[in-house]
Amino acid sequence: MYVYPDVIAIAGNLEYAEGRRDTLINPVFIAEVLSKSTKSFDRDEKFAAYRTIPSFQEYVLIDQSKMHVEQYCKTENNKWIFSEYDDADVVLSLAAVPCQVLLGDIYDKVDFSVEE
């Protein structure tokens with residue numbers, strides 16, 4: 001399955017799928033912005049496909065209709081730890097890449113009163 005994540009981070013050099021220059025095969029971090037039409041696919045089929053990538057370590061789902069972020073981090077024994085956040089003052093600390101961001105900054109200028 002070839003899909004295009006909303007955000008991707010890699011460690012090291014870019015590695016592409018054989019014969020392609022638009023498909024990276026070594027992500028460590030992937031984030032998706034959830035909409036009503038894609039959230040089921042992003043949570044289920046995409047996440048299952050991403051988990052088959054050996055380098056993949058962290059998945060973040062960002063809800064676009066309310067302040068809510070889900071984070072999945074892979075442990076050393078290939079189990080996934082789930083965390084969720086819904087407070088603007090909470091710091092989301094990424095495990096796969098050195099980055100911390102306030103939820104309030106992720107949602108800066110988002111107007112939740114606008115319907116999809």
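The values are calculated or read from the model by the stated rules, or taken from the named source; none is laboratory data. The shown structure was predicted, so the numbers you read here are calculated from the model rather than taken from an experiment. We place every Cβ from the backbone using ideal geometry, glycine too, and count neighbours over all the protein chains shown.
Given the conditions (1) at pLDDT 95 or above; (2) in a loop (DSSP other than H, G, I, E, B); (3) over 20 Å from PRO98 (Cα atoms), report the number of the one that ASP22 does not fulfil.
Evaluating ASP22 over (1) at pLDDT 95 or above; (2) in a loop (DSSP other than H, G, I, E, B); (3) over 20 Å from PRO98 (Cα atoms) leaves (1) as the failure.
When the range 77-98 is examined, which residues are found to be β-branched (Val, Ile, Thr) and either surrounded by fewer than 11 Cβ atoms within 10 Å (Cβ to Cβ) or over 13 Å from the mean Cα position of the chain (by Cα) (or both)? Show your work before the answer.
So the first thing to find is which residues in the range 77-98 are β-branched (Val, Ile, Thr), and the list is 81, 90-91, 97.
Across the range 77-98, the qualifying residues are ILE81, VAL90, VAL91.
Any idea which of ILE30, ILE8 is in contact with a Leu (Cβ under 7 Å, 6 or more places away or on another chain) and either touching a residue at least 60 places away in the same chain (Cβ under 8 Å) or closer than 20 Å to PHE82 by Cα (or both)? Reasoning before the result, please.
On the way: ILE30 fails: in contact with a Leu (Cβ under 7 Å, 6 or more places away or on another chain).
Going through ILE30, ILE8 in turn, just one is in contact with a Leu (Cβ under 7 Å, 6 or more places away or on another chain) and either touching a residue at least 60 places away in the same chain (Cβ under 8 Å) or closer than 20 Å to PHE82 by Cα (or both): ILE8.
May I ask you to list the residues in the range 26-59 that are under 24 Å from VAL110 (Cα atoms), of a type in the set (Val, Ile, Thr) and surrounded by 16 or more Cβ atoms within 10 Å (Cβ to Cβ)?
Kept after step one, since they are under 24 Å from VAL110 (Cα atoms), are these residues of the range 26-59: 29-43, 59.
Retained after the next criterion (residues that are of a type in the set (Val, Ile, Thr)): 30, 33, 38.
The answer is ILE30, VAL33.
Out of everything in the range 99-113 that is in contact (Cβ under 8 Å) with a residue 40 or more places away in the chain and not hydroxyl-bearing (Ser, Thr, Tyr), what residue ends up being surrounded by the most Cβ atoms within 10 Å (Cβ to Cβ)?
First, pick out the residues of the range 99-113 that are in contact (Cβ under 8 Å) with a residue 40 or more places away in the chain: 106-107, 110, 112.
Then drop every residue that is not not hydroxyl-bearing (Ser, Thr, Tyr), which leaves 106, 110, 112.
Numbers: ILE106: 17, VAL110: 11, PHE112: 11.
Within the range 99-113, the match that is surrounded by the most Cβ atoms within 10 Å (Cβ to Cβ) is ILE106.
If you take the residues of the range 50-61 that are under 13 Å from the mean Cα position of the chain (by Cα) and among the hydrophobic types (A, V, I, L, M, F, W, C), which of them is farthest from PRO98 (Cα to Cα)?
Filtering the range 50-61 for residues under 13 Å from the mean Cα position of the chain (by Cα) gives 50-51, 56-61.
So of that shortlist, the ones also among the hydrophobic types (A, V, I, L, M, F, W, C) come out as 56, 60-61.
Values: PHE56: 15, VAL60: 14, LEU61: 18 Å.
Ranking the candidates gives LEU61 first.
When the residues of the range 60-76 are narrowed to those that are at pLDDT 95 or above and more than 29 Å from SER113 (Cβ to Cβ), which ends up surrounded by the fewest Cβ atoms within 10 Å (Cβ to Cβ)?
Among those residues, the one meeting the criterion is THR75.
Restricting to the range 1-44, give me the number of residues that are touching a strand residue (DSSP E or B) at 6+ places or on another chain (Cβ under 9 Å) and basic (Lys, Arg).
Qualifying residue count for the region: 2.
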